[in-house]
Amino acid sequence: MYDYPPPPMDGEPSRAVSRKDDLTQLKGTVEHVIYANEDNGYTVLDFGLEDDVITACGTMPYVNDGDSLILWGNWVHNPKYGRQFKVEQYERDMPADSTAILRYLSARTIKGIGPKLAERIVSHFGDETLDVMENHPEWLADVPGISRKKAEEIAEDFRAKAGIRSAMMFFRDYFGAAMTVKIYKQYGSSAVDLAKKNPYRLCEEIEGIGFEKADAMAAALGMDKDSIERVKSGVLYTLSYHAIQHGHTCLPREMLEKAAAELLSVPVERVIGAMAELQKEGKLRRIHTHTKEGDTTYVYDTPSYLCE
């Protein structure tokens, strides 16, 4: 009889990014985006400091000319391009006064707004411009040249970019910027709400996010260790681990229950209930065998069952 121990768990929250305390901080404005890869977020840009313009590069998805940023990283020397600032983390610093807002909007950051229209909008709303765009978009129709339809289109694009900022801020403590791009591309502006509701969706639906990372996020968010979503995800993780590490496309039911319960530190009864839910959802399949040694029920995850 094979032994089926639980998959390993280090028990420590996973951090995909470096500590800010160990990095150099720069604060300034994006003068010009030189290159941006929409698939992975890698970006090269001219970054304006108080008394200098430098080249910064790294995973900085969705940044635009005129954005005010705080960068954390290290200075490096590129053999071809010379001295550059390699970005490990970044934050958007939204413009707070009318001068900064005008520059931000004039850079065509928001779809449908160019320099002339930006000037009219900021002249009308001043320091409250961004608040109006987010919370009272219908007021934009009071500006000459903006219809109600255009006002809604502007507000929609502004809210979409706000969703990107929210996602980057939320996920930075758990994943790197490139992974956050994948998450945002999958779920869009609902990414943060979905992750808060059920972090375990990430390890099932986003390639490159394993159970341990999702589990660390769930713990940080205060989810109960015996929550049904955690136990269901732990059962699937136990099956996939043994398939990858030991070549077992299925496990005996009792062995799976024991291994998952030990992995998750929950009662076996909780695992049994989670397995029943997974079967109802079509994510588990069971096969009953009859031999001289006795009856055994084997449990597959559905993709493995279909492959068999």
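The values are calculated or read from the model by the stated rules, or taken from the named source; none is laboratory data. The structure presented is a predicted model; accordingly, all values stated were derived computationally and were not measured. Here Cβ is always computed from backbone atoms with ideal geometry, including for glycine, and neighbour counts include all displayed protein chains. Keep in mind that these areas ignore ligands, DNA and RNA; they rest on the heavy atoms of the full protein, side chains included. Shrake-Rupley method; radii C 1.70, N 1.55, O 1.52, S 1.80 Å.
Residues in the stretch 77-107 that are more than 16 Å from residue 42 (Cα to Cα), in a strand (DSSP E or B) and either among the aliphatic types (A, V, I, L, M) or in contact with a Ser or Thr (Cβ under 6 Å, 6 or more places away or on another chain) (or both): there are none.
Quick one: is residue 223 touching a helix residue (DSSP H, G or I) at 6+ places or on another chain (Cβ under 8 Å) and modelled with pLDDT under 85?
Details: touching a helix residue (DSSP H, G or I) at 6+ places or on another chain (Cβ under 8 Å): yes; modelled with pLDDT under 85: no.
No: the conditions fail for residue 223.
Would you check which residues across the stretch 31-68 are closer than 13 Å to residue 109 by Cα and free of Cβ contacts under 8 Å to residues at least 40 places away in the same chain and list them?
Step one: list which residues in the stretch 31-68 are closer than 13 Å to residue 109 by Cα, which gives 31-33, 62-68.
If the condition is that a residue be closer than 13 Å to residue 109 by Cα and free of Cβ contacts under 8 Å to residues at least 40 places away in the same chain, then 31, 32, 33, 63 are the ones that fit.
When residue 244 is tested against (1) open to solvent by less than 70 Å² (accessible area, probe 1.4 Å); (2) assigned to a helix (DSSP H, G or I), just one condition goes unmet, and that condition is (1). Condition first: over 18 Å from residue 67 (Cα atoms), open to solvent by 20 Å² or more (accessible area, probe 1.4 Å), free of Cβ contacts under 8 Å to residues at least 40 places away in the same chain and outside any helix (DSSP H, G or I). Can you find one or more residues in the stretch 126-144 that meet it? Yes, that holds for at least one residue. The number of residues in the stretch 38-58 that are out of contact with any Pro (no Cβ under 6 Å at 6 or more places or on another chain) and open to solvent by less than 40 Å² (accessible area, probe 1.4 Å) comes to 10.
Looking only at residues in the stretch 168-190 that are surrounded by fewer than 23 Cβ atoms within 10 Å (Cβ to Cβ) and of a type in the set (S, T, N, Q), the one that is nearest to residue 62 (Cα to Cα) is 189. Enumerate the pairs (first residue in the stretch 214-227 and within 14 Å of residue 267 (Cα to Cα); second residue anywhere and exposed (fewer than 14 other Cβ atoms within 10 Å of the Cβ)) with beta-carbon separation below 9 Å, excluding pairs fewer than 6 apart on the same chain, so at least 6 apart or on different chains. These pairs meet every condition: 225/265; 226/265; 226/267.
Mind checking which residues of the stretch 212-241 are open to solvent by less than 10 Å² (accessible area, probe 1.4 Å) and hydrophobic (A, V, I, L, M, F, W, C)?
Of everything in the stretch 212-241, those that are open to solvent by less than 10 Å² (accessible area, probe 1.4 Å) and hydrophobic (A, V, I, L, M, F, W, C) turn out to be 214, 217, 218, 231, 235, 239.
Of the residues making up the stretch 63-81, just one is crowded, with 20+ Cβ neighbours inside 10 Å and of a type in the set (Phe, Trp, Tyr), namely 72.
Considering the stretch 263-308, the residues that are open to solvent by 70 Å² or more (accessible area, probe 1.4 Å) and basic (Lys, Arg) include one that is farthest from residue 227 (Cα to Cα), namely 292.
Filter the stretch 84-122 down to the residues that are at pLDDT below 95, under 31 Å from the mean Cα position of the chain (by Cα) and open to solvent by 80 Å² or more (accessible area, probe 1.4 Å) and list them by number. Within the stretch 84-122, 96, 103, 108, 111 meet the criteria.
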